[in-house]
């Protein structure tokens, strides 16, 4: 099994600690979203996994071995950390051919990943003429070049247009279906919710959560029910009498906290209250993430109070 294993990992820079006794595992066959506020230690952790930094203590291994010990590492691990890494004066094809030659990857694979990432028609243009989204695609092409069982991507949706975002989403799902180990760092909560199966969340270098995404959301965002009736006063009194916390909006809809659709529907039916609308309001990844990391962000801005 080719997993990423981080064990009691710590990285200090001077008197600061970027990663603080971090332990988690990224398993094959699913996409693991890697989340945390700015300064949480995500990029440092990825660099430690890839051997670009040395840990102060602890270990980070791929398939049980440090990255530096891997033979022809592009065949084992594909990574995108910085879309600006490719030399601007090279063409995209030349850049990928140089990477391929360093790991004995055949040239035909270069053409395959250029096609897969949508860059075949611009493969002979110099990288400095590329937009940020095109550079992202080139970085992803480099990550896929060795057909590796492990893929790490840092903010892969950055700079992509809507078509590109849909493409990267489908790519990540496909890699997981093929049994690969996929770790993706992102600040885009809605986008992460569309592809991640598992979440690893950091705050100030520490592990805050390591859970399947649905479990993570349900553990932090209480269920709510949206209900509308022809007689709001009767409904409000009924809910209050049974101990429900509810609020009526200007459009006449009621939001009932800590409730399930079946319970509210049964209550209204038994009381003879006519229901015009009844629906569950699912918690979102953004709500759960902000709840967990509210005190963990290094840089924050004042927030406006939200209406109930």
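The values are calculated or read from the model by the stated rules, or taken from the named source; none is laboratory data. The shown structure was predicted, so the numbers you read here are calculated from the model rather than taken from an experiment. As a convention, Cβ positions derive from the backbone with ideal geometry for all residues, glycine included, and neighbour counts pool all protein chains shown.
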Would you confirm, using the coordinates I've provided, whether residue 273 is more than 21 Å from residue 222 (Cα to Cα), modelled with pLDDT of 90 or more and either surrounded by 11 or more Cβ atoms within 10 Å (Cβ to Cβ) or within 38 Å of the chain's Cα centre (by Cα) (or both)? yes
Pairs returned, first residue in the range 83-104 that is in the same structural domain as residue 129 (by TED's automatic domain parsing) and in contact (Cβ under 8 Å) with a residue 60 or more places away in the chain, second residue that is in a helix (DSSP H, G or I) and buried (at least 17 other Cβ atoms within 10 Å of the Cβ), beta-carbon separation under 6 angstrom, 6 or more apart or interchain, are 83/135; 83/136; 83/139
The correct count of residues that are touching a helix residue (DSSP H, G or I) at 6+ places or on another chain (Cβ under 9 Å) and either modelled with pLDDT under 95 or surrounded by fewer than 19 Cβ atoms within 10 Å (Cβ to Cβ) (or both) in the range 182-191 is 5
Taking the range 206-233 and keeping residues closer than 18 Å to residue 39 by Cα and in contact with a helix residue (DSSP H, G or I) (Cβ under 8 Å, 6 or more places away or on another chain) leaves 208, 209
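Every residue, every condition in (1) at pLDDT 95 or above; (2) in a helix (DSSP H, G or I), yes or no:
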{"site": "171", "(1), (2)": "yes, yes"}
{"site": "175", "(1), (2)": "yes, yes"}
{"site": "210", "(1), (2)": "yes, no"}
{"site": "214", "(1), (2)": "no, yes"}
{"site": "222", "(1), (2)": "no, no"}
Over the range 115-132, the set of residues more than 19 Å from residue 158 (Cα to Cα) and not in a strand (DSSP E or B) is 115, 120, 121, 122, 123, 124, 125
